[in-house]
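One structure is given below, encoded as structure tokens.
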Amino acid sequence: MLGEYRIEGRRAAEISASVERAVGSGELEPGQLLPPMRELATDLGVNPNTVAAAYRILRERGVIETSGRRGSRVRPRPATTGRESVRVHVPQGVRDVASGNPDPALLPSLAKAFAAAGEHADREPVLYGDDAVEPELARMARARLDADGVPDGPLAVASGSLDAIERVLVSRLKPGDTVAVEDPGWGSLLDLIPALGLRIVPVGVDDEGPLPEDVRRALDSGARALIVTDRVQNPTGAVVSATRARALRSELRRHPEILLIEDDHGHGIVDLPVHPLAGTTHQWAFVRSVAKAYGPDLRLAVLTGDRVTLDRVRGRQRLGAGWVSRLVQRAVVRLWADGAVDPAAVAQTYGRRRALLIEALAERGVAAQGRSGLNVWIPVPDETGAVARLLHAGWAVAPGARFRTSAPPGIRVTTSTLGEAEAGPLADAVAAAVGPGPAGSYV
């Protein structure tokens, strides 16, 4: 069952740590079955309740999952190793269209912005006890949120979208609570939720966002939270339309106690309007990152929400990280003030590159999704085979297993740097890898 690895320990903390170390080192692999609790208790000479407590710790940390009589096994994407274990290694000479990164050529230069921020810091250094949010950043962010119809609320700054979402989830939920999440969806989020001791209920996605019937089913079954990507959904590129937003608001009004989290990480690289759901429920948060438009290394996201949620987020932040560097915040202010990014032009460039591939695939009978953003999602009948065949043909794509729970298999292709001359050869390789017949019907 465990191969050569032997679980050790006398206390629950020691047993759980032994398993976690093995998962982290790769000695216990995703999907591997763990011994029944009574059997392991006998082997270790401890009370079965001690093993039960150890397994509970591992479940709450997102390392293992339990399926009744089928036993406990290492999660497909355990928190100890994360989604990077599903990553495709890109050999030399192979074109990488798997990364999910923005085009560096479309990111603004940061030198002048940070030089200006540094000069400001020399004149007015930020010290302990100062405000956590740069006043001008708050003013500019709030103006943009107002323009997009996001309800008024307090403002906080986090170290990226995932940090913001984690802080909101922890502020409102407890281990064991269920979170409704898009499927396919953001791989890091699919890893984070179980790592917090929360459970996932999948919600299907089409080009207009989460499916209302799936949202209804999830909320009626007791989900305590719903996470929605408004635009540039990863990996499908979905954008919540005005019609879909109305339908989702209707479902949310039936459950006003639900925690709603909206992720608008594509702000700045998309020319389609946002249709916020915020304010439909009593508990809500709206998150915007600068990573895709201005650079992932800035590690900055702005979030707003209802007063209680934001008070909890800011209070917990004060006890831990304290604040996101005001130097970085001032640099972002300078980038915004200087108009360092033209969202319409950037969106047009990314849109043209996505369209080239989607149209080339359609000509070859292969269906694909990619309404916005950096990626194209291609449903396939055999995910592992498609990834392997494409790698052999010189193209590294991201396996869909990184982005889904119960959704059908697929692959994600990052088109952010795709050249016009590359679309045809890549489409040829995808068509050959997917194979004839049913591929065009996978939507």
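No lab work stands behind these numbers, since they all come straight from the coordinates. Everything numeric here is computed off the predicted structure, so don't read it as measured data. When we count neighbours, we look across all protein chains shown, and the Cβ atoms used for this are built from the backbone with ideal geometry, even at glycine.
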Q.
On the principal axes of its Cα set, how long, how wide and how thick is region 111-338? Give whole Å, largest value first.
A. 56, 37, 29
Q) What FRET efficiency comes out for the pair E420/M140, r = Cβ-Cβ distance, R0 = 56 Å, nearest 0.05? A) 0.95
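Of all the C-alpha pairs in the chain, what % are more than 34 Å from each other?
Working: 37008 of 97903 pairs.
Counting pairs separated by more than 34 Å, the tail of P(r) holds 38 percent.
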Q. What is the distance, in nm, between label points placed 7 Å from the Cα along the Cα-to-Cβ direction at R364 and at R123?
A. 5.6 nm
Q | Karplus-derived 3J(HN,Hα), 6.51/-1.76/1.60, for each residue of region 174-180, Hz, glycine and proline x | A | 10, x, x, 5, 9, 10, 7
Q: Would you calculate, for the chain, the mean residue ellipticity at 222 nm contributed by helices, counting each DSSP H stretch of 4 or more residues as -39,500 (n - 2.57) and dividing by all residues, to the nearest 500?
A: -12500 deg cm²/dmol
Q: Output the antiparallel fraction of DSSP beta bridges having both residues in the chain, as a percent to the nearest 5.
A: 50 percent
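Relative contact order of region 331-387, please, whole-number percent, based on alpha carbon pairs below 8 angstrom and at least 6 residues apart.
Numbers: 35 pairs, mean separation 13.7, N = 57.
RCO, region 331-387: 24 percent.
Quick check on packing: order 340-349, 217-226 by the mean number of other C-beta atoms within 10 Å, highest mean leading. Walk me through the numbers before you get to the answer.
Details: 340-349: 15.9, 217-226: 19.0.
Listed from highest to lowest mean packing, they are 217-226, 340-349.
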Q. Between L272 and R352, what is the spin-label point distance in nm, taking each point 7 Å from the Cα along the Cα→C-beta axis?
A. 2.0 nm
(Q) Modelling each spin label as a point 7 Å along the Cα-to-Cβ direction, I'd like the D220/S250 distance in nm, to one decimal. (A) 1.4 nm
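Can I get the semi-axes of region 222-366's equivalent ellipsoid? Compute them from the C-alpha gyration tensor as square roots of 5 times the eigenvalues, in angstrom, largest first.
Value: 29, 25, 12 Å, ordered largest first.
I need the helices of the chain that pass two filters: whole DSSP H segments spanning 24 Å or more by Cα along the axis, and mean Kyte-Doolittle score no lower than -1.0.
343-363
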Q: Report, for region 111-338, the % of DSSP beta bridges that are antiparallel, rounded to 5.
A: 35 percent
Q) Tell me, what does the Kirkwood hydrodynamic radius of region 12-81 come to in angstroms if you use every pair of distinct C-alpha atoms? A) 11.8 Å
Q. In percent, what relative contact order does region 111-338 have, based on Cα pairs under 8 Å that are 6 or more apart in sequence?
A. 27 percent
(Q) How compact is region 12-169 by the rule of thumb for globular proteins, expressed as Cα Rg over 2.2 N^0.38 Å? (A) 1.59
